[in-house]
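The values are calculated or read from the model by the stated rules, or taken from the named source; none is laboratory data. These figures come from a predicted structure and were not determined experimentally. Note that each Cβ is placed from the backbone with ideal geometry, even for glycine, and that neighbours are counted across all protein chains shown.
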2 protein chains.
Amino acid sequence: MTTRDPDKTRHELLEAAFREIWEVGFRAASVDRILRSTGVTKGALYHHFKNKTELGYAVVDEVIAGWIRERWVEPLGREGDAVDVIRDTVRTASQSAVHDDMMAKGCPLNNLAQEMSPIDEGFRSRIETVFLRWMGAFTRVLKRGQEEGTVRTDLDAEHMAQFVVAALEGVVGMVKNNPKVEFAAGHLEMLFLFLDTIRTPAAQAA
Amino acid sequence: MTTRDPDKTRHELLEAAFREIWEVGFRAASVDRILRSTGVTKGALYHHFKNKTELGYAVVDEVIAGWIRERWVEPLGREGDAVDVIRDTVRTASQSAVHDDMMAKGCPLNNLAQEMSPIDEGFRSRIETVFLRWMGAFTRVLKRGQEEGTVRTDLDAEHMAQFVVAALEGVVGMVKNNPKVEFAAGHLEMLFLFLDTIRTPAAQAA
DNA sequence: GGAAACATACATACTAGTCGGTATGTTATA
DNA sequence: TATAACATACCGACTAGTATGTATGTTTCC
């Protein structure tokens, strides 16, 4: 009758778990609800994943990591003026954020970090890995800007990258409490102002 | 035998609930654990609070709001160069953060905002009130700085205040995932750098 | 035929909240 | 001032529901 496709089953479980976790958090995520939304049974889920925690780990390693790669790591690797590349990436991401209802739901990576990092080392270390890749992408483009003379060299590229990610997550977090468009726009405006301050004086002329 | 003291009972419940919520979040907070840690009984708790949610609301209105007032609103109201007042307040807060184990547990207000704002309007509006008071304190000192000529007037004080709070929460959130001292120090360094960029050129000479 | 993939029923542990009842404090009245 | 009448504060066993995870059986595929 029903043809079996373990890869597809596993993939559907990961996607459904990702959505469930994004909406209510990991601990409040219901295994039964994930099963209902996919049509998969409990036996199948516990065949593919040892327990709920391992399912959560796989969501970080596979779904969320890919999400960040697509939206941030790859766009930040493009050519062009370093700060412009960052600005464009932030703009694009903020537009797709509106589409994904991220203003209300928050960043899936940061949500999980806030909830699980202090209480589960398995989550913490996996989330850290994704954050490091994300910040690494910022670091690379900033270092390139420094070599090309468009980014200030009196500041450490890694520190700047860390702060940009922190500010981004901070902005998304604030908007989550007060999802007004004007509120979000004001935040972005200040973020772009900060980005301009890390340009070299020569590059700021533009 | 035991003398009754309703005010004390209520206060102890609020403090214990605050700690419990800070550590595991609101939804994972166990009423029974709060009762065990205080020695108060279930009947007494449900005499003082209608339900767990109302207890949570009271924690925001009374405990967390007071926490922010002490650590931020009052210090930011002090006299002196506006940006210096902000720097000092951030420094003091970051030191007491180490003492409160906030690096691992995160900001109690933001934790609750991230967890509850999207799913409970009662929490969201109360948390927003506290955030607005917090940002209001920043706005006031920044406006004063603008009047005194130490803060740039080409930027909107409210937007700056919002961004500073967002960046602070972002930094605390990042440190929660990676509580290394050097990591936190790097973030603070960049935050102070940003604060210097909102000074007027004349004030930056110092 | 044997292992992987899936299905179903159930075990166990937790949760918030309720409810009948008791103890203590306060106020009114004679 | 003594006492009745009432209000507030508190007690703790219990309920109903939900959670993850397991044990065992069945189907599909190589």
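For every residue, the table says whether it meets (1) of a type in the set (S, T, N, Q); (2) under 17 Å from A:ARG71 (Cα atoms).
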residue	(1), (2)
A:ILE127	no, yes
A:ALA137	no, yes
A:ASP156	no, no
A:GLY173	no, no
A:ASN178	yes, no
A:PHE194	no, no
Worksheet item: Regarding B:THR129, is this residue surrounded by fewer than 22 Cβ atoms within 10 Å (Cβ to Cβ), modelled with pLDDT of 95 or more and more than 12 Å from chain A (Cβ to nearest Cβ)?
Response: no
Response to the item:
Exactly one of B:VAL90, B:VAL24, B:VAL85 is at pLDDT below 95 and hydrophobic (A, V, I, L, M, F, W, C), and that one is B:VAL24
Worksheet item: Within the bounds of region B:27-42, is there any residue that is buried (at least 16 other Cβ atoms within 10 Å of the Cβ), more than 13 Å from DNA strand D (Cβ to nearest atom) and closer than 30 Å to B:GLY136 by Cα?
Response: no
Discussion item. Looking only at residues that are among the small types (Gly, Ala, Ser) and in contact with a Phe, Trp or Tyr (Cβ under 8 Å, 6 or more places away or on another chain) in region A:51-90, which one is surrounded by the fewest Cβ atoms within 10 Å (Cβ to Cβ)?
Written reply: A:ALA58
Worksheet entry | Candidates B:GLU74, B:GLU128 - the one that is part of a helix (DSSP H, G or I), under 28 Å from B:VAL181 (Cβ atoms) and of a type in the set (D, E, K, R) | B:GLU74
Practice prompt. Give the residues of region B:27-85 that are within 12 Å of DNA strand C (Cβ to nearest atom) and within 14 Å of chain A (Cβ to nearest Cβ), sorted by residue number.
Written response: B:ARG27, B:ALA28, B:ALA29, B:SER30
Worksheet item: If you go through region B:1-37, how many residues are in a helix (DSSP H, G or I), among the basic types (Lys, Arg) and more than 19 Å from the chain's Cα centre (by Cα)?
Response: 4
Worksheet item: Is there a residue in region B:86-101 that is farther than 19 Å from B:GLU189 by Cα and small (Gly, Ala, Ser)?
Response: no
Worksheet item: Of these, A:ILE68, A:ILE64, A:ILE34, which one is farther than 30 Å from A:ARG152 by Cβ, in contact (Cβ under 8 Å) with a residue 60 or more places away in the chain and among the hydrophobic types (A, V, I, L, M, F, W, C)?
Response: A:ILE64
Item to complete: For residues that are aliphatic (A, V, I, L, M), farther than 10 Å from B:ALA82 by Cα and more than 11 Å from chain A (Cβ to nearest Cβ), tally how many sit in region B:132-152.
Response: 1
Worksheet item: Looking at (1) within 7 Å of another protein chain (Cβ to nearest Cβ); (2) basic (Lys, Arg); (3) buried (at least 21 other Cβ atoms within 10 Å of the Cβ), which is the only condition A:ARG124 fails?
Response: (3)
Practice prompt. Check B:VAL40 against each of (1) touching a Phe, Trp or Tyr at 6+ places or on another chain (Cβ under 9 Å); (2) of a type in the set (Val, Ile, Thr); (3) outside any helix (DSSP H, G or I) and name the one condition it does not meet.
Written response: (1)
Worksheet item: Counting only residues that are basic (Lys, Arg) and farther than 16 Å from B:ARG87 by Cα, which one in region B:155-206 is surrounded by the fewest Cβ atoms within 10 Å (Cβ to Cβ)?
Response: B:LYS180
Fill in: Subset of region B:50-68 (residues that are within 24 Å of the chain's Cα centre (by Cα) and within 14 Å of DNA strand D (Cβ to nearest atom))
B:LYS52, B:LEU55
